[in-house]
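The block underneath contains the structure these notes are about, expressed in structure tokens.
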Amino acid sequence: MRRRSYILFVARGEDGQLRKIPIPVQYLYVFIAGAVIAVLSLTGIASSYTRMLVKVSHFNELRNEKEELKNRYTKLEQVAKERDIQVASLGSLAGEVSSLYGLKSDSIMEDASGDRRDAQVHSSLNQFSELRTSALTGAATTGISRPSSGSTSVFPTRCR
């Protein structure tokens, strides 16, 4: 029986004659199997690398989002501090206005927990509601509209 083989290489020998190199079929099968394994390995490596790149890009996005949130948080903290200052200022202004109109002034009491800021906020809100109530009832406008005898003062007189 004749052996099956493939001719892979044809070259001229030293004497000038054509020389054929036969390759057995088993070697060809081994070469094809090795090539398939190499292609599958390269595909696996490429997919693993691609998956790693996707994870890294997602991680970078999360890190950037974290930094952005951190910056927003610090800005919001600054805004909250400014609002606290404004609330305290409005509380003192409400106290001045209530003393101008002769309303009773609430003294700021400290809570049992010692949180003075909450007490100030509640006090200023109470004073605001009192001022609003007096403005809606017309008590402030009657004091403004009644000028005292002989004076042309722009400031309201105290109602007694």
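General remarks:
- Any hit, segment 49-70, residues being part of a helix (DSSP H, G or I) and in contact (Cβ under 8 Å) with a residue 12 or more places away in the chain: no
- For segment 2-23, the criterion of a residue being of a type in the set (A, V, I, L, M) and part of a helix (DSSP H, G or I) is satisfied by no position.
- Test: residue in segment 24-31 that is exposed (fewer than 10 other Cβ atoms within 10 Å of the Cβ), touching a strand residue (DSSP E or B) at 6+ places or on another chain (Cβ under 7 Å) and outside any helix (DSSP H, G or I): no
Every read-out reported here was derived from the displayed coordinates using simple, explicitly stated rules and does not represent laboratory data. Given the structure is predicted, the values throughout are model-derived calculations rather than measurements. Please note: Cβ atoms are built from the backbone with ideal geometry, for glycine as well, and neighbour counts cover all protein chains shown.
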